[in-house]
1. Among the residues of region 53-60, is any surrounded by 14 or more Cβ atoms within 10 Å (Cβ to Cβ), among the aliphatic types (A, V, I, L, M) and under 24 Å from Leu205 (Cα atoms)?
2. Can you pull out the residues in region 153-183 that are closer than 17 Å to Asn120 by Cα, within 13 Å of ligand 2 (Cβ to nearest atom) and surrounded by 19 or more Cβ atoms within 10 Å (Cβ to Cβ)?
3. The conditions are (1) part of a loop (DSSP other than H, G, I, E, B); (2) without any contact (Cβ under 8 Å) to a residue 12 or more places away in the chain, and Ala128 fails exactly one of them. Which is it?
4. Scan region 185-203 for residues that are in contact with a Ser or Thr (Cβ under 7 Å, 6 or more places away or on another chain) and either among the charged types (D, E, K, R) or in contact (Cβ under 8 Å) with a residue 60 or more places away in the chain (or both) and report the count.
5. Any residue in region 11-20 that is of a type in the set (Lys, Arg), away from ligand 2 (no atom under 12 Å from the Cβ), over 18 Å from the mean Cα position of the chain (by Cα) and closer than 28 Å to Asp161 by Cβ?
6. Pairs under 6 Å by beta carbon, first residue more than 22 Å from Ser178 (Cβ to Cβ) in region 1-28, partner within 13 Å of ligand 2 (Cβ to nearest atom) and not basic (Lys, Arg), six or more apart or different chains?
Amino acid sequence: MDGNGRWATNRSWPRLVGHRKGAERVKEIVRCAPDLGIEWLTIYAFSTENWKRSTEEVLGLMGIFARYIEREADRLAAEGVRMRFIGDRSRLDKKLQALMLGIERRTAHLTRLNLTVAINYGGRDEMARAVRSLVADAAAGRIDPAQIDGAMISAALDTRDLPDPDLIIRTSGETRTSNFLPWQSAYAEYEFTPTLWPDFSPDELAAIVARFGNRDRRFGGVKHA
Ligand code: IPE
Ligand code: MG
């Protein structure tokens, strides 16, 4: 969800106004996703690198996350949305952690849409934590290092309950992947759009999804007749 800051700066508004507008966009995109056939939607809200921003912006973003959970909980539950979070929560405010755990538990039985929000997420950090846990398991004799394969690595990541992404969309004209699901995206398709996140509409998402449906995905194999 890139481009909130530029969207606000273009209007001579504080960056946080852009983040608030961005959060409104998330609500719309979450609402329209099931109708587009999307069952799994993962959004990158805050990276392990975003702590480098000003205290005001970091605290503002954390406040937006907490308010989103508090204000959207009833609607998400009513609409059948199961909410999860990935990333290292240990560095987050305790109250925010409690809200995250609360909505995960409250929506754990829902199936219409699997919404995952990445907060304090970085692919390399996730892999480092996974390696630590696998090495600890090996050192304790719970697993044999010779058995470690791709499936075991996937199972040690924050995304262990999620399928690998089919399609990754980055907004705001940047053509980087920026530490987002690097292991999981080995076969993902990418779409890069110049649209700033606060302007990203359900119509644009529908157009991208339609294009994705026409792509020929071979996963390293050959074209099927
Ligand atoms: C949102 O956009 C990403 C978040 C960290 C929430 P940015 O804040 O990166 O916006 P730009 O890149 O400055 O326009
Ligand atoms: Mg940015």
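1. Step one: list which residues in region 53-60 are surrounded by 14 or more Cβ atoms within 10 Å (Cβ to Cβ), which gives 53, 57-58, 60.
Still in the running and among the aliphatic types (A, V, I, L, M): 58.
So of that shortlist, the ones also under 24 Å from Leu205 (Cα atoms) come out as none.
No - not one qualifying residue is present in region 53-60.
2. Hit for region 153-183 is Phe180, nothing else.
3. Here Ala128 clears every test but (1).
4. Going through region 185-203 one residue at a time, the tally reaches 4.
5. Taking region 11-20 and keeping what is of a type in the set (Lys, Arg), we get 11, 15, 20.
Add one more test, that the residue is away from ligand 2 (no atom under 12 Å from the Cβ), and what stays is 11, 20.
Now drop any that are not over 18 Å from the mean Cα position of the chain (by Cα), which leaves 11.
In the following step, the residues that additionally are closer than 28 Å to Asp161 by Cβ were identified as none.
No; the residues of region 11-20 include none that is of a type in the set (Lys, Arg), away from ligand 2 (no atom under 12 Å from the Cβ), over 18 Å from the mean Cα position of the chain (by Cα) and closer than 28 Å to Asp161 by Cβ.
6. Qualifying pairs under 6 Å: Val17/Ala8.
All of the numbers you see were taken from the coordinates with simple rules; none came from a lab. Given the structure is predicted, the values throughout are model-derived calculations rather than measurements. When we count neighbours, we look across all protein chains shown, and the Cβ atoms used for this are built from the backbone with ideal geometry, even at glycine.
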